[in-house]
1. Please go through the range 142-177 and give me each residue that is more than 18 Å from Thr95 (Cα to Cα) and either in a strand (DSSP E or B) or open to solvent by 80 Å² or more (accessible area, probe 1.4 Å) (or both), ordered by number.
2. Do you know which residues across the range 68-86 are in contact with a strand residue (DSSP E or B) (Cβ under 8 Å, 6 or more places away or on another chain), in contact (Cβ under 8 Å) with a residue 24 or more places away in the chain and open to solvent by 30 Å² or more (accessible area, probe 1.4 Å)?
3. Among the residues of the range 54-66, count how many are surrounded by fewer than 18 Cβ atoms within 10 Å (Cβ to Cβ) and either modelled with pLDDT under 95 or of a type outside the set (S, T, N, Q) (or both).
4. So which of Asp139, Asp99 is part of a strand (DSSP E or B), closer than 21 Å to Lys162 by Cβ, touching a Ser or Thr at 6+ places or on another chain (Cβ under 6 Å) and at pLDDT 95 or above?
5. Please determine whether any residue of the range 79-94 is part of a helix (DSSP H, G or I), touching a Cys at 6+ places or on another chain (Cβ under 6 Å) and not hydroxyl-bearing (Ser, Thr, Tyr).
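The values are calculated or read from the model by the stated rules, or taken from the named source; none is laboratory data. In this text the structure is predicted, and so the values were computed from the model without any measurement. Please note: Cβ atoms are built from the backbone with ideal geometry, for glycine as well, and neighbour counts cover all protein chains shown. SASA here: full protein model, heavy atoms, side chains in, ligands and nucleic acids out. Shrake-Rupley method; radii C 1.70, N 1.55, O 1.52, S 1.80 Å.
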Amino acid sequence: SAARAGHGELGVVQFDAHADLRPDYEGTPWSHASVMRRLHEDGVPALAVGIRALCDEEAALISTKQLPTIWGWELPGRERFLAALERLPPKIYLTFDVDFFDPSLMPATGTPVPGGGLWYPTLDCLRELFARKTVMAMDVVELAPQPGAHGADFLAASLVHKCLAFLQAAEAAAATR
């Protein structure tokens, strides 16, 4: 909502293990498990990538409304990702929940789900996202550091670093056009 107020029409690209389409969760419609539902209700176009944990009601909503979704079992899903990306507005808000990654790479999250994304195919999709769209804002959420095990912390930091590098490359390419 704040990003739309500042940047105009935005689409959302969501990398996540969970659909986050519940009408409410733990008594609030503003829960992290409901955020994508609120966006869809507001008419914000979105693409969910890596979804593999959802309730029956969320699955029914995806089916009924034909919400663009790349399921976990479809990963890496590059071609479907690129096709779905073309249907989104030029400006994008990127939300990246680290539980998108397979727990073998990212065990340090509150809700790890087997069957998630791998590093290089994910970077390939992100590189294309930044090259084809203008990413106006982003968040990276749900890292739950584990004392003595720093691999996941470095993965999250590397993810942000790569996104910043992709942003810089996109801006440099735009400046030369």
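1. Answer for the range 142-177, where residues must be more than 18 Å from Thr95 (Cα to Cα) and either in a strand (DSSP E or B) or open to solvent by 80 Å² or more (accessible area, probe 1.4 Å) (or both): Pro145, Gln146, Pro147, Ala149, His150, Phe154, Gln168, Glu171, Ala175, Thr176, Arg177.
2. Within the range 68-86, Leu75, Pro76 qualify.
3. Count: 6.
4. Only one candidate passes the filter, namely Asp139.
5. yes
Condition check ((1) under 13 Å from Phe15 (Cα atoms); (2) among the hydrophobic types (A, V, I, L, M, F, W, C)) across all residues:
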{"site": "Glu86", "(1), (2)": "no, no"}
{"site": "Pro89", "(1), (2)": "no, no"}
{"site": "Pro103", "(1), (2)": "no, no"}
{"site": "Gly117", "(1), (2)": "yes, no"}
{"site": "Leu129", "(1), (2)": "yes, yes"}
